[in-house]
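Quick one: structure below, then a few questions.
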Amino acid sequence: MDFAFKFVVRLFITMIISLILTPIFKLVSFKIGAVDRPGERRINTKTMPTAGGLSIFFAFSFALLWEFREMLPFDYVWPILLGAAIVVFTGLMDDIFELSPLQKILGLTIAALEIYFVAGIKISTVSIPYIGVFDLDWMGLPMTILWILAITNAVNLIDGLDGLASGVSIISLTTIGIISYFFLPNSVEVPMVIFTLIAAIIGFFPYNFYPATIFLGDTGALFLGFMISVLSLQGLKNATFITVVTPMLILGVPITDTVYAMIRRKFNKQKISSADKMHLHHRLLSLGFTHRGTVLTIYALALVFSFIALLMNYASNTAIILLIISTGFGIELFIELIGLVGENRQPLMHGLKFLGNRRYRQQVLNTHSDKRIERKSEKDPADDAAQMKEARMKRKHYQPKHKK
């Protein structure tokens, strides 16, 4: 009880430190030029400071190095903070000078290599139901780097509205902390670090929620994404039968937005790194949601994903697989309804309509028949007129005789 009380008090102190530091770094942002000016792709209508992530990073670092110095081993803390510092520096440079995507990836890769070789945090095994556990061996390095880069950039991509990335990060980290505490009872350090980071974000959150007075910027969004990726490797690697599925579900909102953005740009023949205004929050805004309503809706989606991730840890292998299939079906249906890939790209909706609407089904079959005849007529033009006439007669036969 004494330990729990001290821990909660120190979390409260961390939150207060972040709360105090945020206005200071707001002034610092203007001084160093870390600002976001209004533009075509921007939601803000005035120049906003973007180095808000510095207050979270410094409050978090102070807590680990000083407040929890007796609870957390220094050898465990400093490698994580070193990797985080590399990411924060990369993000700050981007907020000031607008780095190229390659330069940002380089900075994140250096941080990922530091985590792998210095901190010793890595993906070493993958567990698949009914098959067994596979040792990745040398594949552990590229898999770890890919995981850190993917999650870091996914969180960065959803940072498009006031309080969006910070709120989703709080929900995701809380879920990871709960799972790591109950399913990794011998590893107290991981949930302690997670809840310390949550306290630092909560101190920043009042300034970032709509209407925001300071943004996370790449400084904060990259830092939060990096820490989530690293802590999920530690906190969830032995928590479920499928090693990767639980953190992917917890981070379902940013991962879904990123994956469908890549699919959308592929269909539109655009570069994967190109920017657009078709992300999840953009689509909800275009459908008539208010700024605050869009953010709260995405919070609700993040909570649903987190709840599913928690359920997975109590389910059997068969239930986990069925849960994943059901979740995938629901995600695809939601994505098509809001038009995240494109309003004309709705394969699941068209499939359901084909099964449930006889008139639509006959129309599709007729169109397919006409196209097949046209393709065949290119090879044998003599039969074109006869086949088209026969197709029209069949279609006429299926039309209702009496129309209202």
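The values are calculated or read from the model by the stated rules, or taken from the named source; none is laboratory data. Nothing here was measured: the structure is a model prediction, and the numbers come from that model. Counting neighbours? That spans all protein chains shown, and the Cβs are built from the backbone with ideal geometry, glycine included.
Look at the stretch 307-352 and say how many of its residues are part of a helix (DSSP H, G or I), surrounded by 14 or more Cβ atoms within 10 Å (Cβ to Cβ) and either polar (S, T, N, Q) or in contact with a Phe, Trp or Tyr (Cβ under 7 Å, 6 or more places away or on another chain) (or both).
3
Please indicate, with yes or no, whether at least one residue in the stretch 356-363 is in contact (Cβ under 8 Å) with a residue 60 or more places away in the chain, part of a helix (DSSP H, G or I) and over 17 Å from Val253 (Cβ atoms).
Going residue by residue through the stretch 356-363, those that are in contact (Cβ under 8 Å) with a residue 60 or more places away in the chain are none.
No: zero hits.
On to the next question. For the stretch 61-74, state whether one or more residues are touching a residue at least 60 places away in the same chain (Cβ under 8 Å) and under 25 Å from the mean Cα position of the chain (by Cα).
No; the residues of the stretch 61-74 include none that is touching a residue at least 60 places away in the same chain (Cβ under 8 Å) and under 25 Å from the mean Cα position of the chain (by Cα).
Taking the criterion of being closer than 21 Å to Gly83 by Cα and in contact with a helix residue (DSSP H, G or I) (Cβ under 6 Å, 6 or more places away or on another chain), would at least one residue in the stretch 125-140 satisfy it?
The answer is no; no qualifying residue exists.
Looking for something touching a residue at least 60 places away in the same chain (Cβ under 8 Å), surrounded by fewer than 16 Cβ atoms within 10 Å (Cβ to Cβ) and among the basic types (Lys, Arg) - is there at least one such residue anywhere in the stretch 263-276?
So far as the stretch 263-276 goes, no, none of its residues is touching a residue at least 60 places away in the same chain (Cβ under 8 Å), surrounded by fewer than 16 Cβ atoms within 10 Å (Cβ to Cβ) and among the basic types (Lys, Arg).
Given the condition aliphatic (A, V, I, L, M), modelled with pLDDT of 85 or more and closer than 19 Å to Leu303 by Cβ, answer yes or no: does some residue in the stretch 235-244 qualify?
So in the stretch 235-244, the residues aliphatic (A, V, I, L, M) come out as 236, 239, 242, 244.
In the following step, the residues that additionally are modelled with pLDDT of 85 or more were identified as none.
Checked against the condition, which is being aliphatic (A, V, I, L, M), modelled with pLDDT of 85 or more and closer than 19 Å to Leu303 by Cβ, the stretch 235-244 yields no hits at all.
Please enumerate the residues belonging to the stretch 353-366 that are of a type in the set (S, T, N, Q) and surrounded by 13 or more Cβ atoms within 10 Å (Cβ to Cβ).
Answer for the stretch 353-366, where residues must be of a type in the set (S, T, N, Q) and surrounded by 13 or more Cβ atoms within 10 Å (Cβ to Cβ): Gln362, Gln363, Asn366.
Please find, among Ile331, Ile335, Ile308, Ile324, the residue that is out of contact with any strand residue (DSSP E or B) (no Cβ under 8 Å at 6 or more places or on another chain) and more than 28 Å from Leu285 (Cα to Cα).
Working: Ile331 fails: more than 28 Å from Leu285 (Cα to Cα); Ile335 fails: more than 28 Å from Leu285 (Cα to Cα); Ile308 fails: more than 28 Å from Leu285 (Cα to Cα).
After ruling out the rest, the residue left standing is Ile324.
Now for a separate question. Would you tally the residues in the stretch 137-155 being in contact (Cβ under 8 Å) with a residue 12 or more places away in the chain and out of contact with any Lys or Arg (no Cβ under 9 Å at 6 or more places or on another chain)?
Within the stretch 137-155, residues that are in contact (Cβ under 8 Å) with a residue 12 or more places away in the chain and out of contact with any Lys or Arg (no Cβ under 9 Å at 6 or more places or on another chain) number 9.
Next question, about the same structure. Look at Ile123 and say whether it is aliphatic (A, V, I, L, M) and part of a helix (DSSP H, G or I).
Values: aliphatic (A, V, I, L, M): yes; part of a helix (DSSP H, G or I): no.
No, not satisfied.
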